[in-house]
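Here the structure is laid out as structure tokens; the discussion comes afterwards.
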Amino acid sequence: MRIVTFNVNSIRARMHLLPAWLDRARPDVLCLQELKCEAADFPMELFAQRGYHVALQGQKTYNGVAVASLTPLDDVRTGLPLAGDAEARGIAVRTAGLHIVNLYVVNGKAVGDPKYDHKLRWLDALVDWVARSCTPEEALVVCGDFNIAPTDDDTWDPAAWHGEVLCSEAERAPFRRLLDWGLHDAFRALYPTAFGRYAHTWWDYRGAGFPRGHGLRIDHHLVSASVLARAAAVEIDRDMRKSDKASDHAPVTLVLRGEGAAGG
DNA sequence: ATGGCCATCATGGATGGA
């Protein structure tokens, strides 16, 4: 089965691509970030017509997360990880025998910016929420746009990015706490020596970032041990990033053996 | 040396993104 994370950078601005992409990619579970719309404006029919069950937390202009699954959704929780947070950045569901947590992590703008401090607090709350609400013994997938490059080598220019936002030690510390708790970076576990443009998941719109390979690996599937044992591949859909009027992120697919139409 | 693009809301240009 295929579990996709995709920061669409406005779902309404991506409607010229999504129908054909859905029919080609056929995700069993699709985690979307940056919907940039309220729930009433979400294109529910796009998914309903293809047999998807959908849960989402919308928000005007900013953020917004959704999970679409070919199997029914149970135990839907929104507003993660900060209780009462007005920002739509986290949604968790149970579907297809998995506990799926879909995240749009705060960007942070720049080290030292108030938004960066907000990011660190948000990440602390996330780690606490995961420890409280999940267990590494279950079939758990924590995926999404983490806005964290796990190492300097997960950027196109390690020297330039060293210590910058998305790469700072204070951001990586909570990321590592998730790994220490019992999650595994699926891409890195499967491809321990894969670096460079074919490992990146986001490219800068500016300065022809994609053709020049100015990318980062910031969209991740963090999975528990039982899920990692089923992991066959992580695929980065660079063709989608090449499209006209594309998102600046590519869809990233975790392929699992078993329990799904596309399983192996 | 600096910014270089895109989406939103709104209808100009600020804000956010990464």
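Quick notes on this structure:
- Selected residue (only one of A:A88, A:A110 is at pLDDT 95 or above and more than 18 Å from A:I218 (Cα to Cα)): A:A88
- Matching residues in the stretch A:213-229 - criterion: being touching a residue at least 24 places away in the same chain (Cβ under 8 Å), over 18 Å from the mean Cα position of the chain (by Cα) and farther than 14 Å from A:H249 by Cβ: A:G213, A:A225, A:S226
- Residue within the stretch A:64-87 that is within 10 Å of DNA strand B (Cβ to nearest atom) and surrounded by fewer than 16 Cβ atoms within 10 Å (Cβ to Cβ) present: no
Per-residue answers, yes or no, for (1) touching a strand residue (DSSP E or B) at 6+ places or on another chain (Cβ under 6 Å); (2) not aliphatic (A, V, I, L, M):
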position: A:T71; (1), (2): yes, yes
position: A:V93; (1), (2): yes, no
position: A:L98; (1), (2): yes, no
position: A:H118; (1), (2): no, yes
position: A:W122; (1), (2): no, yes
position: A:V141; (1), (2): yes, no
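- Residue that is surrounded by the fewest Cβ atoms within 10 Å (Cβ to Cβ) [pool: residues in the stretch A:173-207 that are of a type in the set (K, R) and over 16 Å from the mean Cα position of the chain (by Cα)]: A:R206
- Any hit, the stretch A:91-101, residues being within 14 Å of DNA strand B (Cβ to nearest atom) and either in a loop (DSSP other than H, G, I, E, B) or over 16 Å from the mean Cα position of the chain (by Cα) (or both): no
- Of the residues in the stretch A:11-25, at least one is within 14 Å of DNA strand B (Cβ to nearest atom) and in contact with a strand residue (DSSP E or B) (Cβ under 8 Å, 6 or more places away or on another chain).
- With respect to being surrounded by 17 or more Cβ atoms within 10 Å (Cβ to Cβ) and either modelled with pLDDT of 95 or more or more than 13 Å from DNA strand B (Cβ to nearest atom) (or both), A:K115 falls outside the description.
- Residue match in the stretch A:40-60 (condition: assigned to a loop (DSSP other than H, G, I, E, B), of a type in the set (A, V, I, L, M) and without any contact (Cβ under 8 Å) to a residue 24 or more places away in the chain): no
- For the stretch A:89-112, a tally of residues being without any contact (Cβ under 8 Å) to a residue 40 or more places away in the chain and over 20 Å from A:C134 (Cβ atoms) returns 1.
- Residue that is farthest from DNA strand B (Cβ to nearest atom) [pool: residues in the stretch A:214-254 that are among the polar types (S, T, N, Q) and either under 24 Å from A:D157 (Cα atoms) or part of a strand (DSSP E or B) (or both)]: A:T253
- Tally, over the stretch A:191-213, of residues that are in a helix (DSSP H, G or I) and either near DNA strand B (Cβ under 10 Å from one of its atoms) or over 19 Å from A:F146 (Cα atoms) (or both): 3
- A:G108, sole failed condition from (1) surrounded by 24 or more Cβ atoms within 10 Å (Cβ to Cβ); (2) closer than 26 Å to A:H214 by Cβ; (3) more than 16 Å from DNA strand B (Cβ to nearest atom): (3)
The values are calculated or read from the model by the stated rules, or taken from the named source; none is laboratory data. Here the structure is a predicted model, which is why all the values come from computation and not from measurement. Cβ coordinates were reconstructed from backbone atoms using ideal geometry, including for glycine residues, and neighbour counts include every protein chain displayed.
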